[in-house]
1. Residues in the range 19-34 that are touching a strand residue (DSSP E or B) at 6+ places or on another chain (Cβ under 6 Å) and open to solvent by less than 40 Å² (accessible area, probe 1.4 Å): how many?
2. Picking from GLU57, GLU37, which residue would you name as being closer than 16 Å to ALA128 by Cβ and at pLDDT 90 or above?
3. Among the strands (runs of 3 or more DSSP E) lying completely within the range 53-143, list those that include at least 1 residues that are of a type in the set (Val, Ile, Thr) and more than 27 Å from LYS8 (Cβ to Cβ).
4. Of the residues in the range 50-81, how many are surrounded by 20 or more Cβ atoms within 10 Å (Cβ to Cβ) and within 16 Å of SER21 (Cβ to Cβ)?
5. Of all residues being in contact with a strand residue (DSSP E or B) (Cβ under 8 Å, 6 or more places away or on another chain) and either surrounded by fewer than 16 Cβ atoms within 10 Å (Cβ to Cβ) or β-branched (Val, Ile, Thr) (or both) in the range 82-94, which is nearest to THR62 (Cα to Cα)? Just the residue, please.
6. Name the one entry in ALA73, ALA45 that is within 13 Å of the chain's Cα centre (by Cα) and in contact (Cβ under 8 Å) with a residue 24 or more places away in the chain.
7. Would you point out the residue of the range 3-18, among those that are in contact (Cβ under 8 Å) with a residue 24 or more places away in the chain and part of a loop (DSSP other than H, G, I, E, B), that is least open to solvent (accessible area, probe 1.4 Å)?
8. Is it the case that some residue within the range 35-49 is among the aromatic types (Phe, Trp, Tyr) and open to solvent by 30 Å² or more (accessible area, probe 1.4 Å)?
Amino acid sequence: MPQVTGRKQVFPSNLRRADSSALEVLGTHAWDESDNEYIYLQGTASVLIRDFVVYDENFTTTRLTANEVGPVAVAPTAIVLGQYGWFQICGVVQGNTDTISADSSLYIDGTAGRVDDLGVTGDLVVGAYSMTASVSNIATCYI
């Protein structure tokens, strides 16, 4: 696999791993071979694979719910409370959604960890959009 010069590279096998102790410095950024960007964060209760989360200045996560404020990331695997792992913050990602159509802005959904294309004032996920329609509440999105 080619090395990314001047940046930390994360390998796909590491993205699907939840660590029981922090193996990286929290807040470390890394990129995969497709140039998707990740950040190393602490998980939170009930985080499922493909869940949208927000994280704070201490690099701890909260599942995305109405009126959340902060940077958004997506969990590539379940990373629950007491665990650590890589969360995607930029690029093409599979995300948990409500029923959505392709090419739509994304908003916080009523179900924790999911997004929707139904506009809700104050709940726009800035910069995120759907690239495909959802199938079984999963869609390809860009964040």
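1. 3
2. Selected residue: GLU37, the only one of GLU57, GLU37 that is closer than 16 Å to ALA128 by Cβ and at pLDDT 90 or above.
3. 105-108, 138-142
4. 1
5. ILE89
6. ALA73
7. VAL10
8. Looking only at the range 35-49, we keep the residues that are among the aromatic types (Phe, Trp, Tyr), and these are 38, 40.
From what is left, the residues that are open to solvent by 30 Å² or more (accessible area, probe 1.4 Å) are none.
No, every residue in the range 35-49 fails to be among the aromatic types (Phe, Trp, Tyr) and open to solvent by 30 Å² or more (accessible area, probe 1.4 Å).
The values are calculated or read from the model by the stated rules, or taken from the named source; none is laboratory data. Not measured: the values here are computed from a predicted model. Because the Cβ atoms are built from the backbone with ideal geometry, glycine has one as well, and the counts that use them run over all protein chains shown. Accessible surface areas use protein heavy atoms only, side chains included; no ligands, DNA or RNA. Shrake-Rupley method; radii C 1.70, N 1.55, O 1.52, S 1.80 Å.
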